[in-house]
Amino acid sequence: MNEKPIFHDEIFSQLDKFQAMDCKYSDGRILGSMCTEAHPIAKEAFFKFIDSNLGDPGLFKGTKLIEDTVLKMIGSFLSIENPAGHMVTGGTEANIMAIRSARNLARDNKGIENGEMIVPKSAHFSFKKAADMLNLKLIRVDLDENYLIDTKCVEECVNDNTVAIVGIAGTTELGMIDPIEDLSKIAVENDIHLHVDAAFGGFTIPFLKERGYDFPDFDFSLEGVRSITVDPHKMGLSPIPSGGILFRDQSYLDAISVDFPYLTVKHQSTIVGTRLGAASAATYAVMSYLGKEGYAKNAIEAMEKTHFLAENLKNLGYELIIEPKLNIVAFNHPDIETDDLANLLEDKNWKVSCSSYPEAIRVILMNHIKKEHLVELINDLEEISKSI
Ligand code: 0PR
């Protein structure tokens, strides 16, 4: 480290150089990100609350009220009036908190010591982390022909040690929505915690459903659903790190709370201690600014771009893995290996991401990908297709 201070302008010119190495969302070249540039009003609010610490909420009562309000606002489109929960760093932390609560309650109420959790093979890798950290056996069940969790397999896997079942509303690789209603029935019958990972789909499914999209129920309207992950820093247009975990009631948070006598509030149920209030303020700002109407518009635009890309790919002879449900298109070329196609696209300066099951190029139609970028992408794919 430097001994003597460095002047502001010099520091920022150094930072500019670092930043120039980063990819920019605004170039429209990042195809595989579930994050995007945050809304300007969210950034403004984020900086305003940059110093507030929700780890000691008694000192930041206003920010704490914002957090609670944001959770209620999110709850208003997930069929719950008074959710318990927290704004967290993202889907990973939210999922870990949910599974931790399920594990602790199963241990305390049913005496389960060697717990198991059932997740679909499409589950995000955060559940592997959760299983490892919480010492749970991870049971990954097969998907059906539509890449949805096979509920028959779930029924077969449930046993006396099952502490949680997980369904996904917007899978990471394909954007599929699991049959949460069926999972809910299994969960209720067996008195097991059903957690829904709607990290990606939470800010789109409710609004698209309201406008006539044929989506299954996935939220707290289903009796078995005890917790839902929903990430403002994905389709919610809030800055990183803005995640959300909602529980049906306070008892699920109490199950993961620890005492700490010397701070302004005597219990804490989040994994992290010191934690930023800025994410709550930013999410409050962008949610208020857009309203349900704004998110619906955003979701519909994303779906229009999704269909535009999907149709053009089909016309060029590319094969979709499945008709998109949400704003993710996964595809292959019949005569090119996925890896080779990814390399050809990288050569044309696209930042590509591939799904693993099944292997395919995966494009997430986030806000930063505009129609003109898609036209360029389609032209490049046409060129690739003609060149072989
Ligand atoms: N649940 C689901 C369904 C997810 O898709 C993700 C992340 C998570 C949980 C975990 O969320 P956090 O990453 O916020 O903890 N999905 C993206 C993925 O793994 C995250 C991502 C975002 C990856 C932007 C790359 C990127 O550029 O693909």
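The values are calculated or read from the model by the stated rules, or taken from the named source; none is laboratory data. Predicted model, so just to flag it, every value in this text is computed and none were measured. All Cβ positions, even for glycine, are placed from backbone atoms using ideal geometry, and neighbour counts span all protein chains on display. Quick note on the areas: whole protein, heavy atoms, side chains included, nothing else; ligands and nucleic acids left out. Shrake-Rupley method; radii C 1.70, N 1.55, O 1.52, S 1.80 Å.
Tabulated values for the structure
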| quantity | calculated |
| --- | --- |
| Residue match in segment 74-83 (condition: touching a helix residue (DSSP H, G or I) at 6+ places or on another chain (Cβ under 6 Å) and buried (at least 22 other Cβ atoms within 10 Å of the Cβ)) | yes |
| Test: residue 11 is within 16 Å of the ligand (Cβ to nearest atom), on the phi < 0 side of the Ramachandran plot and in a helix (DSSP H, G or I) | no |
| Residue match in segment 86-98 (condition: assigned by TED's automatic domain parsing to the domain that holds residue 217 and more than 17 Å from the chain's Cα centre (by Cα)) | no |
| Elements of type strands (runs of 3 or more DSSP E) contained in segment 301-370, each with 3 or more residues being in contact with a Cys (Cβ under 8 Å, 6 or more places away or on another chain) | 359-364 |
| Test for residue 216: is it surrounded by fewer than 24 Cβ atoms within 10 Å (Cβ to Cβ), under 25 Å from residue 47 (Cβ atoms) and not assigned by TED's automatic domain parsing to the domain that holds residue 25 | no |
| Residue 240 vs. criteria surrounded by 18 or more Cβ atoms within 10 Å (Cβ to Cβ) and either of a type in the set (Lys, Arg) or in contact (Cβ under 8 Å) with a residue 24 or more places away in the chain (or both) | no |
| Of residues in segment 20-52 being among the aliphatic types (A, V, I, L, M), near the ligand (Cβ under 10 Å from one of its atoms) and assigned to a loop (DSSP other than H, G, I, E, B), the one farthest from residue 231 (Cα to Cα) | 31 |
| Test result for residue 127, within 24 Å of residue 322 (Cβ to Cβ), within 22 Å of the chain's Cα centre (by Cα) and either modelled with pLDDT of 95 or more or in a helix (DSSP H, G or I) (or both) | yes |
| Any hit, segment 8-20, residues being open to solvent by less than 90 Å² (accessible area, probe 1.4 Å) and under 30 Å from residue 115 (Cβ atoms) | no |
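Table: residues versus (1) acidic (Asp, Glu); (2) assigned by TED's automatic domain parsing to the domain that holds residue 67; (3) open to solvent by less than 30 Å² (accessible area, probe 1.4 Å).
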residue	(1), (2), (3)
277	no, yes, yes
299	no, no, yes
308	no, no, no
317	no, no, no
320	no, no, no
335	yes, no, no
339	yes, no, no
344	no, no, no
359	yes, no, no
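Quick grid of which residues meet (1) part of a loop (DSSP other than H, G, I, E, B); (2) within 15 Å of the ligand (Cβ to nearest atom):
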site	(1), (2)
156	no, no
160	yes, no
175	yes, yes
187	no, no
